[in-house]
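Participant: Dropping the structure in here first, questions after.
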């Protein structure tokens, strides 16, 4: 509970003694490039293979002749939109971006760069952390959209090249009984996950104490705590917003 209270106080400190809008705009754009643009390749690669593997596994298990082949694409669509794109990508995002945030802030803490900002009268938490959170909120939902498209495309390639599903059946399965709220739900989850990962990782890195060894420990703790928070929030959001 002590750690949670410190985390809430840390979040409150982000919105006081703020810098100018121009300063935050520049910082957010820089963080957006680091967080979003430089993660597109990894996200697209992982999502494409996840979609391909999901398609193969679904086709292998749907062996009944009573089940039409287009249902393979339908199952892949539901799994991709509801879980694979937002949640699995969040775990990868925590490992890549969250660890980078924690490690960067931890290094700044042990080299006294954060203390130097405080001496100059700058709210170091707001200056360093708030742009990371805002950039994460802007970029991670876009990465989820890219991941979803790549996963469905990967499934299409495997299904059509292997002959498991015809292109027409795959396209029909993607559109069959489509509930647009699934997209809304996935984007809501992506915003929540983006906030949790960026804020928890920044919190762990910002309060690092010690030396280089402690930076590594803080980075590991940031990734672990972020993944646990993502999985818990995934369950809670499903219960609150999707289960009817």
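Participant: Two-decimal Rg/Rh of the stretch 102-180 from alpha-carbon positions, Kirkwood Rh?
Facilitator: Working: Rg = 23.0 Å, Rh = 16.7 Å.
My calculation of the ratio gives 1.38.
Participant: Moving on. How far is helix 2-13 tilted off the main Cα axis of the chain, in degrees rounded to 10, range 0 to 90?
Facilitator: 80
Participant: Any idea what Rg and Dmax come out to for the chain if you just take the C-alpha atoms, in Å?
Facilitator: Final numbers for Rg and Dmax: 20.7, 72 Å.
Participant: Counting pairs of Cα atoms in the stretch 128-168, how many percent are more than 14 Å apart? Intermediate values should be presented prior to the final figure.
Facilitator: On the way: 504 of 820 pairs.
Beyond 14 Å sits 61 percent of the P(r) for the stretch 128-168.
Participant: Starting from a Cα-only point model with no solvent, please compute log10 I(q)/I(0) by Debye for the stretch 145-214 at q = 0.12, 0.15 1/Å.
Facilitator: Ignoring solvent entirely, the Cα scatterers give -0.57, -0.70.
Participant: Could you tell me how many degrees, from 0 to 90 and to the nearest 10, lie between the Cα long axis of helix 70-79 and the main elongation axis, the longest principal axis, of the Cα atoms of the chain?
Facilitator: Once rounded, one gets 10 degrees.
Participant: So for the stretch 100-244, Kirkwood radius off the Cα pairs, Stokes-Einstein at 37 °C and 0.692 mPa s: how many µm² s⁻¹?
Facilitator: D, rounded to a whole number, is 183 µm²/s.
Participant: Out of every Cα-Cα pair in the stretch 37-94, what percent are more than 15 Å apart?
Facilitator: Values: 875 of 1653 pairs.
Counting every Cα pair in the stretch 37-94, those more than 15 Å apart make up 53 percent.
Participant: Can you check how the C-alpha radius of gyration of the stretch 1-122 compares to 2.2 N^0.38 Å, as a plain ratio? Can you show the working numbers first?
Facilitator: On the way: Rg = 21.8 Å, N = 122, 2.2 N^0.38 = 13.7 Å.
My calculation over the Cα atoms of the stretch 1-122 gives 1.60.
Participant: Could you order the peptides 102-109, 229-236 from most to least packed, using the average number of other C-beta atoms within 10 Å per residue? Don't skip to the end; give the middle numbers.
Facilitator: Values: 102-109: 22.8, 229-236: 15.2.
So the peptides 102-109, 229-236, ranked by packing, come out 102-109, 229-236.
Participant: Something else: Quick one: check the C-alpha center-to-center distance for the stretch 199-219 versus the stretch 48-77, whole angstrom.
Facilitator: 43
Participant: Using only Cα atoms and rounding to the nearest 10 degrees, what angle (0 to 90) does helix 21-35 make with the longest principal axis of the chain?
Facilitator: That helix lies at roughly 50 degrees to the long axis.
None of the figures in this text is laboratory data; all of them are computed from the coordinates on show. Here the structure is a predicted model, which means the values were calculated and not measured. In this analysis, Cβ positions are derived from the backbone assuming ideal geometry, glycine residues included, and neighbour counts consider all displayed protein chains.
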